[in-house]
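A short worksheet on the structure shown next.
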There are 2 protein chains.
Amino acid sequence: MAEKARLSLNQITVNRWSVAEAVDGCVRQGIRSIALWRHKIAEAGIANCVRVVRDAGLHVTSVCRGGGFPARTAGERKKNIEDNFRAVDEAAELHADALVMVVGGCAGIGLDDARMMVADGIAELVPYTRERRVRIGLEPLHPMYAAERSVLVTIGQALDMAQAYDAREVGVILDTFHIWWDPRVEELIAQAAGRIYGFHVSDWLVPLPDVLMGRGLMGDGVIDNMKLRRLAEKAGYGGPIEVEIFNQALWDSDADAVLAQVIERFEKFV
Amino acid sequence: MAEKARLSLNQITVNRWSVAEAVDGCVRQGIRSIALWRHKIAEAGIANCVRVVRDAGLHVTSVCRGGGFPARTAGERKKNIEDNFRAVDEAAELHADALVMVVGGCAGIGLDDARMMVADGIAELVPYTRERRVRIGLEPLHPMYAAERSVLVTIGQALDMAQAYDAREVGVILDTFHIWWDPRVEELIAQAAGRIYGFHVSDWLVPLPDVLMGRGLMGDGVIDNMKLRRLAEKAGYGGPIEVEIFNQALWDSDADAVLAQVIERFEKFV
């Protein structure tokens, strides 16, 4: 089982909380790391976020998220790159392990063009992330999100893209919800050695309640989080493990109770 | 564009129709091939199905479906194999191009065990399919079905499994809804040369209305059916193309009107 010391709270799991509330919650429950979302950072202000995180002594595992590269016009793509630069700034100021990339879907664009726009977008971003010493974490999403959220859908594809860059500049984020089904998951996690910038857990509920909001607490679904965590460790990843759960029932619950449950499930099933 | 002569109606697209009604519909609309579902065959009786299909001069592209191998007990697995033998009989009597396999999910079983049960199930089936001269078409389903319907989720995985057998005994069914997202789809379809037993089209709607019932008519979503059809042809597949659409709105519509629309979209987008 994974030790609580490795748990990082992805704040979307307790979506009703602001950054300050989530930080306080972590402190109350003895959680040492946190991952912040940009719309929450925007609400609180980046300077304020940097201060509350630092004052609490928390480590920031990731900023969620950059990406969204495919767009119909050059103007939209340029505007999006500018926004990604701001995401890099936020990740730099928070000393995050990585800026997570959800690269964008193909709807309205076409799959081949969307993939090219993603590669181009990363290429435009790297000189700036290098300058700001921010690592880009490419997160392959489950293939069911290829149309609307991410044409990047497998670890293999993420590694192909990352390998154009230094292993300290561009890597991959492994989220068990997105990768558990892959028949090549063992070999691909092994191949990711040296480029694993983050590891996320949750569970796949049966039946799946919703395409976006269907995640559950570890232990409530079919994902063998422990096995996948061990594969990541075998590939050299010993860093924090984010718990990232989009689930309306959890969001509607008392957030402190959710945190306590997250810790229990983390120690038992991860 | 694909010629109408290649269109095969998968009867689930006009789910309100019986086998006889679907056969009549094909005749009225000049469709030469059909794919039948086992629950519909059971309603009509296999002898009756064989007769109406033969009298109409239709070719049967597939019987849907065998599979469902993972189960908790040896007794359930044995009972399921027996049922698969009956599916083989039906495919033999209808002279279908293939018996389509939807192999079963991992919920309640575990992913590794489920995969083993699938391999074992196919191995148990092959001597009988050989005897009855029925080809097993392994259909990789979209990874979002791994828990509940099919642990077989990529063309590569299906080919790995098929390659234990003769290329005339076990092959793959390519359904664009299930494979379009795969970054390796071009190389994998090329690798499938000689083992492509069927090709299915539909579309992926945005937003996806439902995990099971979210398919649309070709042209209404993000799938480049024409590109994928050409890749299959490049790999040597020149056989019929099934239109297989699970969509409640279509099911609720006048079936003859749906067929006319299917033909139009087939000629335009496939």
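The values are calculated or read from the model by the stated rules, or taken from the named source; none is laboratory data. Keep in mind the model is a prediction, meaning the values are calculated, not measured. Glycine gets a Cβ as well: all are built from the backbone with ideal geometry, and neighbour counts include every protein chain shown. To get the accessible areas, we keep the full protein, side chains included, count just its heavy atoms, and leave off ligands, DNA and RNA. Shrake-Rupley method; radii C 1.70, N 1.55, O 1.52, S 1.80 Å.
General remarks:
- Of the residues making up the range B:205-220, one or more are of a type in the set (A, V, I, L, M), facing another protein chain (nearest Cβ under 10 Å), open to solvent by 10 Å² or more (accessible area, probe 1.4 Å) and in contact (Cβ under 8 Å) with a residue 40 or more places away in the chain.
- Test: residue in the range A:23-30 that is of a type in the set (A, V, I, L, M, F, W, C), within 20 Å of the chain's Cα centre (by Cα), under 20 Å from A:ILE245 (Cα atoms) and modelled with pLDDT of 95 or more: yes
- Identity of the residue in the range A:81-109, closer than 19 Å to A:ALA146 by Cα and more than 14 Å from every other protein chain (Cβ to nearest Cβ), that ends up surrounded by the fewest Cβ atoms within 10 Å (Cβ to Cβ): A:VAL102
- Candidate set: the range A:173-195, residues that are away from chain B (no Cβ under 14 Å) and touching a strand residue (DSSP E or B) at 6+ places or on another chain (Cβ under 6 Å); chosen: the one surrounded by the most Cβ atoms within 10 Å (Cβ to Cβ): A:ILE173
- Residues in the range A:62-79 that are open to solvent by 30 Å² or more (accessible area, probe 1.4 Å) and without any contact (Cβ under 8 Å) to a residue 60 or more places away in the chain: 9 in all.
- The set of residues in the range B:139-174 being in contact with a Ser or Thr (Cβ under 6 Å, 6 or more places away or on another chain) and more than 18 Å from B:GLY108 (Cβ to Cβ) consists of B:PRO140 alone.
- Qualifying residue in the range B:69-78 (condition: under 30 Å from A:PRO183 (Cα atoms) and in contact with a strand residue (DSSP E or B) (Cβ under 7 Å, 6 or more places away or on another chain)): yes
- Of all the listed residues (B:ILE34, B:ILE81), the sole one being touching a strand residue (DSSP E or B) at 6+ places or on another chain (Cβ under 8 Å), β-branched (Val, Ile, Thr) and closer than 18 Å to B:GLY137 by Cβ is B:ILE34.
- Residues located in the range B:131-171, provided they are away from chain A (no Cβ under 14 Å), among the basic types (Lys, Arg) and buried (at least 17 other Cβ atoms within 10 Å of the Cβ): B:ARG135
- Scanning the range A:221-243 for residues that are more than 14 Å from the chain's Cα centre (by Cα), away from chain B (no Cβ under 14 Å) and surrounded by 17 or more Cβ atoms within 10 Å (Cβ to Cβ) yields a count of 4.
- Restricting attention to the range B:2-56, the residues that are under 22 Å from B:GLU267 (Cβ atoms), crowded, with 18+ Cβ neighbours inside 10 Å and aliphatic (A, V, I, L, M) total 10.
- Test set (1) more than 13 Å from every other protein chain (Cβ to nearest Cβ); (2) more than 19 Å from B:ILE12 (Cα to Cα); (3) open to solvent by 10 Å² or more (accessible area, probe 1.4 Å); (4) not small (Gly, Ala, Ser) - B:ASP112 fails condition number: (1)
- Members of the range B:217-270 that are among the small types (Gly, Ala, Ser) and in a loop (DSSP other than H, G, I, E, B): B:GLY219, B:GLY221, B:ALA235, B:GLY236, B:GLY238, B:GLY239, B:SER253
- The set of residues in the range B:251-262 being among the aliphatic types (A, V, I, L, M) and open to solvent by 20 Å² or more (accessible area, probe 1.4 Å) consists of B:ALA257, B:ALA260.
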